[in-house]
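Structure record follows, encoded as C-alpha cells.
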Amino acid sequence: MASRGGRMNNLKNLDVLVMNAKQLNADALTALYDNYLPHVFRYIYYQVNDRPLAEDLTSEVFLKMLVAIPDFREDGKSFYPWLLRIAKNTTLDYLRSKSKRSHVLFDDDIEELLFESRNKADLEQTVISALDAEEVKKAVVKLTDEQQQVLLLKFTMGLSNNGIGKVLEKTEGSIKSLQVRALASLRRLLERQEEPEERVEPMITEAKKSLFRKA
C-alpha cells in the first residue's frame, strides 16, 4: 500500500541526503526542509487547529532538527518518523504548558486539509472520508491522546506500524494493539451517538484488516 510517508522516502538517495545533512550540508538540509515541511505542518495543525500557531511550532521543530541531526544514528527511511517524534514532543510540550489537550481532526477548517489527502489507497480514503463526518469528529476527541495519535499517524500521515512505533516510542506489536483498541473505542462511541451501522461498519472492518498488512 502506498503511503504518504512512503512517497516522501522516494527522495533520491535519501540515505546520502541524511548523511550529508548530519554534516550540516546546506543543500541537504534545504532539501529535507522543503520536502518534509508541509507534512510536519499538517501533523501539528491537526492537533492545535490554529494555522499561525502550527507555523510557529513547525519552525521550532526544524530548529530542533538542525541541532539534533548530527547525532541521528539511523538510516534515511527512519528520518521521517524521527522528525515526527520531534514534532509530537514539541506539540505536546506546548499543549501541556497551556494546560490543553490535543483535539485531533476537530476544527471545521480541517476539512480543507482532509480534502487534500484523499488521493490515496481505498482503505485510507474510506477512513479519511469517514473522519469528515461531524459525528466522527466528536467521537475522535473523546479517545485518549495515544489513541488519537495512532489514528492520526496511521490514516492521515500514512505511516507504517513500524514508523508509528518510532514516533510514539513503542514496539510494533504495541502499536497494533493500540490501533485495535482505538478503533474499538471509536466504534463504541459512534454506536452511542446512534451513527447508522452501514456507515460505521465499513470503516471499522477495513481499518482492522489493515493493521496486519505489511506496510
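Is the C-alpha gyration tensor of the stretch 4-97 telling us rounded, prolate or oblate? Criteria: a/c under 1.5 is rounded; beyond that, a/b larger than b/c is prolate, otherwise oblate.
Here the stretch 4-97 falls in the prolate category.
Hand me the GluC sites (Glu not before Pro) from the stretch 26-97 located in a DSSP loop with no more than 12 other Cβ atoms within 10 Å, in residue order please.
E74
Between R85 and K64, what is 0.36 nm times their sequence separation minus the Cα-Cα distance? Round to one decimal in nm.
Working it through step by step, the gained length comes to 6.4 nm.
Which net charge results when you count Lys and Arg as +1 and Asp and Glu as -1 among the other residues whose beta-carbon is under 11 Å from that of V150?
So the surrounding residues net to +2.
Would you work out the charge dipole size for the stretch 4-97 about its Cα centre, treating the Cβ of every Lys and Arg as +1 and the Cβ of every Asp and Glu as -1, and quote it to the nearest 20 debye?
That gives a dipole near 300 debye.
Based on the Cβ-Cβ distance of K138 and Y33, what FRET efficiency does E = 1/(1 + (r/R0)^6) give at R0 = 30 Å, to the nearest 0.05?
That gives a FRET efficiency of 0.25.
Expressed as a rounded percentage, what relative contact order does the stretch 4-97 have, with Cα pairs under 8 Å and six or more residues apart?
38
Past 26 Å, Cα to Cα, is the threshold; run K142/K176; K22/K176; K64/K166 against it and keep the listed order.
K22/K176
No lab work stands behind these numbers, since they all come straight from the coordinates. This is a predicted model, so every value here is computed, not measured. So basically every Cβ, Gly included, is an ideal-geometry build from the backbone, and we count neighbours across all protein chains shown.
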